[in-house]
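The values are calculated or read from the model by the stated rules, or taken from the named source; none is laboratory data. As the structure is a computational prediction, the values presented were derived from the model and not from experiment. FYI the Cβ positions are ideal-geometry reconstructions off the backbone, even for glycines, and counts take in every protein chain you see. Just so you know, the surface numbers come from the protein's heavy atoms only, side chains and all, with ligands and any DNA or RNA stripped out. Shrake-Rupley method; radii C 1.70, N 1.55, O 1.52, S 1.80 Å.
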Amino acid sequence: MTSTDFSYPQPTDDELAAQQPRVPAPPVHPVYASPRPDDLADTHNGVNTRMDGAASVKSPALGKVAVALSIVAMALSLAASVILGVTVGPSEAASGYYFTDTPGWYQTLATVLVGVQGLCTCLGLTGIILGITAAVTGRGRTPGIIAIAIAAIAPFVSFGTFVALAFIAA
């Protein structure tokens, strides 16, 4: 930094930068990592206590549960969309344009399938939340990321399938 007082020569920014060390100085005292709380729980038994974090390996079960929920949500949603997409066109052609013109059994079927879609929405959101939790906490990071991707793509695949089949069957 240079001074605004030009009567005294001041070093330039380049000269000041040249005076700085090129590599950071090593710490004066050694740095030790503190043990994790779950490692400290095993210190009371005194046998085979490790402080390097190997004792705190977390189970990937949360990520696997998230993947399972996401796959179930996608499969059920896709099945409901296929059934509704294939039947909506012929039902409209046979009964009329309005939903109330269709037979009672079809109204019940369509209502149940829309309810299944709502259930799949809840399962997919649960899969996303569990997947994020698994990815952040390291309890099945890869399955958690896969669960997030599946649950995020599932509504688009399901709705696209419904629309395509509704137009084809009409």
Scanning the stretch 130-144 residue by residue, those open to solvent by 80 Å² or more (accessible area, probe 1.4 Å), β-branched (Val, Ile, Thr) and in contact (Cβ under 8 Å) with a residue 60 or more places away in the chain turn out to be Thr142
Answer residue from the stretch 39-71, given it is loosely packed, with under 15 Cβ neighbours inside 10 Å and modelled with pLDDT of 85 or more and is nearest to Ser158 (Cα to Cα) among those: Ala61
Per the list (1) within 17 Å of Ala75 (Cβ to Cβ); (2) in contact (Cβ under 8 Å) with a residue 24 or more places away in the chain, residue check on Gly118 breaks on (2)
In the stretch 92-114, anything polar (S, T, N, Q) and surrounded by 14 or more Cβ atoms within 10 Å (Cβ to Cβ) is listed as Ser95, Thr102, Gln107
Looking only at the stretch 77-107, which residues are farther than 27 Å from Ala151 by Cα, part of a helix (DSSP H, G or I) and of a type in the set (Ser, Thr, Tyr)? Ser91, Ser95, Thr100, Tyr106
Taking the conditions exactly as written (surrounded by 15 or more Cβ atoms within 10 Å (Cβ to Cβ) and touching a helix residue (DSSP H, G or I) at 6+ places or on another chain (Cβ under 9 Å)), does Val157 satisfy them or not? no
